[in-house]
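Scroll down for the structure; my scribbles are underneath it.
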Amino acid sequence: MRFVVCGEALIDLLPEEGSDAAKSKWTGCCGGGPMNTAIGLARLGADSHFLGRLGGDGFGGQLARHMETNGVHLDLAVRTKEATSLAVVSLDAEAKASYTFHFHGTSNFGWRAEDFPKLTEEDWLHFGSIGMVVGDGSKPLLEFIRNTPAMLSYDINVRPTVLPDRDEYFEKVEALMAAVGAAGGIVKASDEDISWLVDDDEPLSYAETWCAEYGLALFVVTTGAEGVVAIKPDGRRTHLPGHVVELADTVGAGDTFMAGFLARYVERPDDLEEALRWGAAASAIVCTRQGANPPTRQEVEKFLGA
């Protein structure tokens, strides 16, 4: 199975200790939800290819080297002359991450129809996050997703600061869910993603409705420390509790969950609980590390064995 992961690669600027009133210290870490998932898949031994637009500056080179060093193939990546997108990361008292984005004129959002490869029914296309809802490139992306014969999965990964209008955001998400449902694919979101989109505190009921309404094979909802719930079109739910770990931060947790889930799901498509277990384990491990640093297959197996 070839995984093609489509979306943004950017630089996360993470705060360092030692800042004062006159200056601050930041570490430029490779990030972006789809890139994190692509690396997570590769580290788990999957055939992972990144389909994204890489900037022509030093940060773009850093992102390319990072992915290649971690076994991600860049044969489908689009090289541009534009600057790399930046995300300034803030951590609250519980080490939970929030983001401020700098996107104007940057590489991730200028998709054109000729940028996309021809995939086959043997491919798995995973996509999501910011590039699906921001900029003029989101329209060619939607057409590509609607017309590809590949198997599909979509991580909604809401970022309210890039598109604060709930109605407009949901309109774009709805079109993408419909495209995934037409192919009998999978959608994943956090409970916070759904609650923000619908301005309601009952996310699982909405996930259940959308799963049936759009014809999805599965809707997966991550619920932070409480674990994960997978919902089928007939309303059946599979719940796995979360893991208690020493938290560093939550950067890349959802992206890494999806890598763990997909890697195991294609190996054992009839064992949903096992796929969820791998996703939850991979996510727990990344939360013990600073930044998006997904585990290897051996690390997941050791974690689950313990």
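Every number in this text was worked out from the coordinates using simple rules, so none of it is lab data. Model, not experiment: these values are computed from the prediction. With ideal geometry, Cβ positions are generated from the backbone for all residues, glycine too; neighbour counts draw on all protein chains shown.
Within segment 2-305, all pairs of alpha-carbon atoms sorted by distance into 10 Å bins from zero give the percentages 6, 30, 39, 22, 3, 0. Computed over the chain, the per-residue total of -39500 (n - 2.57) for DSSP H runs of n ≥ 4 gives a 222 nm mean residue ellipticity of -11000 deg cm²/dmol, rounded to 500. By the Kirkwood approach, averaging reciprocal distances over each pair of separate Cα atoms, segment 156-241 gets a hydrodynamic radius of 12.9 Å. If you plug the beta carbon distance of His104 and Arg65 into 1/(1 + (r/R0)^6) with R0 = 22 Å, you get a FRET efficiency near 0.30. Computed from the Cβ-Cβ distance with R0 of 30 Å, the FRET efficiency linking Ala212 to Thr120 stands at 0.55. Among the lysines of the chain, pairs at least eight places apart or on separate chains and with Cα atoms under 20 Å apart come to 6. Near Val229, once Lys and Arg are set to +1 and Asp and Glu to -1 for all other residues with Cβ below 14 Å from its Cβ, the sum equals -2. The Cβ shell under 14 Å around Ile285 holds other residues with a net charge of 0, Lys and Arg each +1, Asp and Glu each -1. In this structure the amide hydrogen of Asp123, modeled in the peptide plane, comes within under 5 Å of the amide hydrogens of Met151, none closer than 5 places in sequence on its chain.
Loop-located trypsin sites (Lys or Arg not before Pro) in segment 39-98 (DSSP state other than H, G, I, E, B) with a sparse environment of at most 16 neighbouring Cβ atoms within 10 Å: Lys81, Lys96. Taking Cβ atoms as reference points and 12 Å as the exclusive limit, the residues near Ser24 contribute a net charge of -1, counting Lys and Arg as +1 and Asp and Glu as -1. For the pair segment 124-201 / segment 223-270, the C-alpha centres are spaced 18 Å from each other. Annotation: amide H of Val78 within the under-5 Å range of Gly52, Arg53, Leu54, sequence separation 5 or more or interchain, hydrogens built in the peptide plane.
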